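What follows is a short report on a single structure.
The values are calculated or read from the model by the stated rules, or taken from the named source; none is laboratory data. The model shown is predicted, which means the values in this text are computed figures rather than measured ones. Cβ coordinates were reconstructed from backbone atoms using ideal geometry, including for glycine residues, and neighbour counts include every protein chain displayed. Surface areas here come from the heavy atoms of the whole protein model, side chains and all, with no ligands, DNA or RNA. Shrake-Rupley method; radii C 1.70, N 1.55, O 1.52, S 1.80 Å.
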Amino acid sequence: MRRRRTVSAVIAGLAALAVTGVGACTTGSAAAAGKVDVVAAFYPLQFVSEQVGGAHVAVTNLAKPGAEPHDLELSARQVGRVSDAKVIVYLKGFQPAVDDAVDQVGGDRAFDVGGAVPLLAAGDSDHVHEGETGHSDGSTDPHVWLDPTRLATIGQQVADRLAAADPDHAADYTANAARLRTALTGLDQQFAAGLANCQRRELVTGHAAFGYLAQRYHLEQVGLTGVTPDTEPAPQRLAAVAQEAREHGATTIFFETLVSPKVADTIAHEVGAKTAVLDPIEGLQPGATGDYFSIMRANLTTLRTALDCT
């Protein structure tokens, strides 16, 4: 893994940008347009911020399309945006570089969405394969947005944060969050109905990124690795997962966008299964035209096919 630059190493560059006035260009543009400047750490948080903020916000996503957000390194310009933003929406523990920036320049403008909803701990869910909700280092599955009901609660709290930063539009933020909750409730109902009657309920995935989805819809997740996507599984783990896939008659091994399918291909070949994309929605591909809702519905279609749901 590449050696990550600390935010402290970027502060000097941030100071240089401040001298030239470059670091404040995003905030200045937002203020000139009468918008609240919001920084979102990665795509799902950008999506929620835009849905709730509507026309009153200008949202900057720190993670580039097509890039794995776990590996994000921040430039001096991006640290400047964190420093200048009125609201910072992030998930503590998901992106170390963002955590560093928030600790050093975020102040009380930062909102950790992990504090808005109940979180899974290692081994905490009956619907996730034992030992695979968390990682060997004690970290847990951060993908809270794959449960639409949790994402709706996050949306409500984003509305509260925006209202505190921009009281004149508080009613609009509250109304937008309510509309988002209605839409997410509809999505939740589609998943519940679509996955109610399936021949199989086990997800064999490249890494354990689907614990919240599995818990919500009474599925069982078997991750080849823990929550970190670039971790290579040990040969013993590959053998154990292959054996379990055979025992449960798994016909599909899932891999993800933004991550190599190599490991999933290996298991699929071993057990005579096929592979399919199941998107954890950590980020969008460059040029993508879909959004959270369309990707989640594509995931549902993929699951229904793989699990033989009626």
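With a Förster radius of 22 Å applied to the C-beta separation of HIS269 and ALA298, the computed FRET efficiency comes to 0.35. How would the range 183-310 be classified by its alpha-carbon gyration tensor: rounded, prolate or oblate, with rounded meaning a/c under 1.5 and the a/b versus b/c comparison settling the rest? Cα axes put the range 183-310 in the oblate bin. From most to least packed by mean Cβ count within 10 Å, the peptides 141-151, 285-295, 160-170 give 141-151, 160-170, 285-295.
Amide H contacts of ALA58 (H built 1.01 Å from N, in plane; Pro and chain starts excluded): VAL36, ASP37, VAL38 sit under 5 Å, all sequence-distant by 5 or more or on other chains. For the range 150-205, the per residue solvent-accessible surface stands at 45 Å², with DNA, RNA and ligands left out and a 1.4 Å probe. With protein chains left intact and a 1.4 Å probe, residues in the range 207-310 average 43 Å² of accessible area per residue. A Förster distance of 41 Å, applied to the separation of the beta-carbon atoms of THR174 and ASP71, puts the FRET efficiency at 0.70. Using R0 = 35 Å, the C-beta based FRET efficiency linking THR289 and HIS248 works out to 0.50. Surface listing: ARG246, ARG200 arranged by accessible area from highest to lowest gives ARG246, ARG200, probe 1.4 Å. Need one word for the range 174-250: rounded, prolate or oblate. Basis is the Cα gyration tensor (sqrt eigenvalues a ≥ b ≥ c); a/c below 1.5 gives rounded, then a/b vs b/c decides. Since a/c reaches 1.5 but b/c is at least a/b, the shape of the range 174-250 is classed as oblate. Backbone phi angles across the range 281-290, fed through the Karplus curve with coefficients 6.51, -1.76 and 1.60 (θ = phi - 60°), yield HN-Hα couplings of 6, 6, x, 9, 6, x, x, 5, 9, x Hz in residue order; Gly and Pro are listed as x. Taking label positions 7 Å along the Cα-Cβ direction at both ALA164 and ASP103, the computed distance is 2.2 nm, reported to one decimal.
Charge tally for LYS92 (other residues, Cβ to Cβ under 10 Å; Lys, Arg +1; Asp, Glu -1): -3. Averaging Cα coordinates gives a centre for the range 202-277 and one for the range 89-105; these two points are 29 Å apart.
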